[in-house]
Structure formats: C-alpha cells, structure tokens
Amino acid sequence: MEHPSMDQNDYMENPQEEYPDSSVLEPEYESSSEEELTDTSTVDPEVKYAAGGDTDSAILENGDTSPVVNEANIIPASTKKEASMEDILDASTRVKNFIDLHKRLPNFVTVAGEQVLISDFLYISVKGLLGISTGQNGNIAYESYGLPANSSGTSNLRGTMLKKDYLDLASRIGNFMDANGVAPNFGRSTRGNIKFESAVYLFARILDFQNINKQLPNYAYMAPLNQVRTTPLADTVPVTPGNNNTNPGNNTPDDNNTNPGNNTPDDNNTNPGNSTPGENTEPPVEDNPLKVTVGQILDAANRVKAFVEKNKALPNFVTIGNMQINMSQFLYLLSAGLVQINTGSNGDIAFGDFKAPTASSGNQLSNSLNRNSYMDLAGRIKDFMENNLQAPNFGNTNNGRIKFESMVYMFSKIMSFHSNQGRLPTFVTLADTNAVATTYNQNQSAGGGDKPDYSAYAIYLANSQNCQVTNSAIVNLANSLTSGLSSTWDKAEAIFNWVRDRVSYSFYYNTRYGALGTLNSRTGNCVDQSHLVVALTRAAGIPTRYAHGDCTFSSGSRYGHVWAEILINGNWVRADPSSSRNRLGVINNWNTGTASIKGYYASLPF
C-alpha cells in the first residue's frame, strides 16, 4: 500500500529591461479605509495600513468580551510586557504548528506565561525577527495592539519572498504598529497583498525555521500562505506551551479530530505513529534551501561548456548532485560562484527558482573582456537575479550586449578554465559566444527541435481506468494550461505546477479518486496526484509513466511512494507534485540517491 509526502509555489513580473530600477519592486502597504488613520503624520506616506478595528468583540479564553484596547489605542504604561527571544521562538513554533494543522489562527498564544492576542504576537514576532537579523538578543518590549478591521489580501500568492524583502516587511509592520497601536489589514508586496492572517503565518514559519536551524532562511515560499483562512479573529482557542490544541478533550468542532486514537480515514493522519512522510514536520518555508558547492558548479560548467561547443545551443538542464538545474538557475550559480571565487569564499551557494528571460537578445561580439569586466558583469547579473527572480535578456559590457545564452556559455568557459588551471583567466574571448543559438526559453531542446517521434511510446499516452486521458474535463484543462506554449518542457511544467499548487495532499493508501476524481475534489495522496499529472500530460500529447519506489523523506522516515515521469527531449523527467518544494525535474522532499525503485508503469496496479 502506497502513500506520499506533502506541501505546495511561482514568480513575478517579467523585467522589461536588463536592469530595471529595483525601487519599483519594493513592498509597500496601503490602507483600505484611510479615514480610520486619525494621525498619519507618524506613518511613512508610502507605508500605509488600515488602522482601527472592532476589537471589542475579541473573545478571550474565559469568554470575556471587554474591550482589548481603549479609545484612541492609548495603552496604559502598566500594560507593557517583555518577551525574550527564546520565548518568541518557542511561541512561533507553536503558532506555526497550529496553523499547519487547522488552517486558521489561534485566538491568542502564551508567551512567557502571558496570554497575548495574535495581533500582539505579530508585533513581537516581527520585532524579534529584526533583532535576530542584527544580532541583538535583548528582550522585546510590547503593549497591546488592536486586531485589524478588515483583513483581506491576494487570493493566490505565489513565488518566494527573499530575506531582504521579508526583513523590510517586518520593519515596516513594526513601525506601523508602533505608530498606530493596531495590526494592518494587509500589506502590499511584490507578490500581492498579504492579509493579516498570512503575515502572522509567514513570520511564524520564518522564526520556526530559525528555532530549528539556528539561522534565518534565505527566502520563504508564498503559496502556503493561501491556506490560512480569513476568519473572525476570536473564534479559536488559545495556543499554550505543550498544547497546540491537540490535547484530548480540548478540541473544538473544527479541530480535524486531532484526539489520538480517534482518527477517521480522512483525518489527514494526525494520529501519532502513523504520519505520512514529512507531514507536519516539513515547514513550508524553504527549510532546506537548495545549496551547491563551488566545486559542483565547476564540474557542471565543464559539462555545459562541452555541450554548447558540440551542439551550438544550451542544454535543457544540467545535473548538479541529485538536482536538475535549468539554465536560468545555472546562470545564477555561475555568477554567484564567480563572485565567491573572486573573494576567496568557500561556502555553499544557496539558490531558488528563476524565470527564463523574456526576449534574449544581444550584439555580434568580438575582442575580449578582461577579468575586471567579466567580474563586474557577474556581480550585476547576480544582484539582478536576486532582486527579480528572473534571468536578464542580456548583459551590458563595453563591447556591447551579451545575450542570455552567450553569458551562460562565457561564464561556463571561465569556470571551466578555473577548474582546469586553478585560477581565473585574465581575459575571456567573446567571438565564439556568437555561435550559441538564441533559444531564450530555458526549456527548449538543446538540439533545437522539440517535436520527438512518440510512436514508440503509445503505451504511455493511453487511457486507463484511473487515468481518464480522453475525459472532456481532463482534455479541456490540459488544453487551457498548455495554450500558447510551444515546447514540451513548458507544457509539462505548466501542468505539473498546476497540480502541485492546486491539489492539496490527503492521506490514504493506494488509489481512491483517480485522475478525474482528484481533479473534482482537488485533493489526493501521491498516487492520485500522480494519476492527475499523468492524465493531463498525456491529454497534452506527452508520454508519461508512473514510478513506484521506497523513498527516504526529509523527515528521515522511509515509505513507499509514487510519482510521475514525463518524457521530455528523450529523457524521463521526474514530476512529483506532492511537495511544494519540488519542481519539474527536481525532488527535494525525498532522497533520490537512496530510493529503491520497484517499477515503472503505463498504468498502476493499485
């Protein structure tokens, strides 16, 4: 009997220029009710929140409905409290675990023996985060803060928030609450409007990561924020140390039956001792940021250089460790690796997802770039990609514009030289970079064509009982997701991302719904999620098979597991939508190097 893991992510606008003004990407906030701001002089004009809120109805544990704050949000000095960093981290883990389980906020959380409202928790979490980021370990002083009047936000947040952005977000939330005495309705960011509930969850996840890993994450996924319900902020029970609302006899009707020993088949497997791989143990923050060594980049650069010189085009991806890295990611690793080599640093390089350039272009190049010039370019490419999560169309140099493909090849040549000579070259020639084909879609076939003969793979295009390839709903969705896309990779990736982001995980064994049932219910275990991926990609005309094996997950546990594999440019590419940390061709929630493969199937026998 087989079952999977779990989790659920994308990006932002395409840059229109090589290096756009980063100021337009700065998160900001706005008020949904400006007349509620009685004194805006203390608020940065570009950092506005909706102030106020009916806090009189906030219900405490004992049912007291007395006002939480007085008129004008003037807090008596006697209400001031303090929380240590340890207290804040401990509370953050409990809040994060509560939200993971219930998909909503607790009413209040116990911090250093004090039961504080969730708006108070937001304040101390952002202040604590800022303290950690600057190396300050002193206690955080706080008062009482009103709940937001009308929490709202973007319904489908996607992509990642970089460390510098979530620290900026924390700073402005703290400043606003200092000035106004209430939490904001929402904050506007480059990813959309982040509602109050989602902001609480975001910072709880980040601090939980700090609590576990003793360091702040480089970035946090946004998609998990979508699961937090916007609810009346007084409808839940407190989160106290050691409780997390799983104490038998203290469950509300919405507690998803967390009482041990009383689970039904749909209880998301909260019964201790029977958890699925990674369930409630893998935070939706980028808990284990993707990392590679400089040595691994050097090795990959040798292979990419050889491929380009043979095929006059970029490969679809390059394998580094057990990860398949696309060319946008590889350009970032090349530029970051060069910067690190130049400064003599030996640490691992963390990275995430980067979009392909929108319209790669450049000049016919000649002459060469000296070391200072190519290092300057590498630094600018690195900074641009970190700010925009996208590869640039070209890079400006004194010799002209170098298109995306040529930059990948040029930096690969430089890194290959270093790999073989133990030093960086004094210059790099540019003329040979003109021969690299302009295939600015990072997923094009390295050979230039993307229409393979599938006649030998008819079995992997077929309809089956649980893989309803010809069903109109399946066909219509496949057509919608792949409309306007030309390459096999693009089509497969669009389908994979949709299933990963739109179909939630459920625990049970083997097939329950099949592809169509999973589409209709929008939930499924690894088997049913794979059914849907297989059916949609086959409906799009792409051969896809099932893979079945025993896998060791990030939690350390080993389980039977099922995933899909899609035929792209002659290669079977893994597609496991059961975790938001996975991408097409990249598995992060289980160890691909230690997996024991039981078989590959055109249709599953279970």
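The values are calculated or read from the model by the stated rules, or taken from the named source; none is laboratory data. What you see is a predicted model; the values in this text were computed from it and never measured. In this analysis, Cβ positions are derived from the backbone assuming ideal geometry, glycine residues included, and neighbour counts consider all displayed protein chains. These accessible areas exclude ligands, DNA and RNA; they are computed on the full protein's heavy atoms, side chains included. Shrake-Rupley method; radii C 1.70, N 1.55, O 1.52, S 1.80 Å.
Of note:
- Lone qualifier among T511, T518 - being buried (at least 21 other Cβ atoms within 10 Å of the Cβ), among the polar types (S, T, N, Q) and touching a strand residue (DSSP E or B) at 6+ places or on another chain (Cβ under 6 Å): T518
- Any hit, segment 156-166, residues being open to solvent by 10 Å² or more (accessible area, probe 1.4 Å) and under 20 Å from R229 (Cβ atoms): yes
- The set of residues in segment 579-597 being touching a Gly at 6+ places or on another chain (Cβ under 6 Å) and farther than 20 Å from G524 by Cβ consists of A595, S596, I597.
- L105 assigned to a helix (DSSP H, G or I) and hydrophobic (A, V, I, L, M, F, W, C): no
- Residues satisfying the stated conditions in segment 577-603, i.e. open to solvent by 50 Å² or more (accessible area, probe 1.4 Å) and of a type outside the set (K, R): N591, G593, T594, S596, I597, Y600, Y601, S603
- Pick from segment 293-318, criterion more than 24 Å from G344 (Cβ to Cβ) and of a type in the set (S, T, N, Q), ranking: least open to solvent (accessible area, probe 1.4 Å): N316
- Sub-6 Å Cβ pairs linking a first residue in segment 134-160 that is farther than 18 Å from D120 by Cα to a second residue that is in a loop (DSSP other than H, G, I, E, B) and basic (K, R), at least 6 apart or interchain, are L157/R191; G159/R191, ordered by first then second residue.
- Qualifying residues in segment 483-528 (those that are farther than 19 Å from R581 by Cα and of a type in the set (F, W, Y)) - the one modelled with the highest pLDDT: Y513
- Applying a threshold of 6 Å to beta carbon distances and a minimum spacing of six or more residues, or different chains, the list of pairs starting in segment 319-336 at a residue that is open to solvent by 10 Å² or more (accessible area, probe 1.4 Å) and outside any strand (DSSP E or B) and ending at one that is modelled with pLDDT of 80 or more and hydroxyl-bearing (S, T, Y) reads N322/T592.
- Filtered residues of segment 403-433 (kept if in contact with a Ser or Thr (Cβ under 7 Å, 6 or more places away or on another chain) and crowded, with 17+ Cβ neighbours inside 10 Å): K403, F404, E405, S406, Y409, M410, F411, V428, L430, T433
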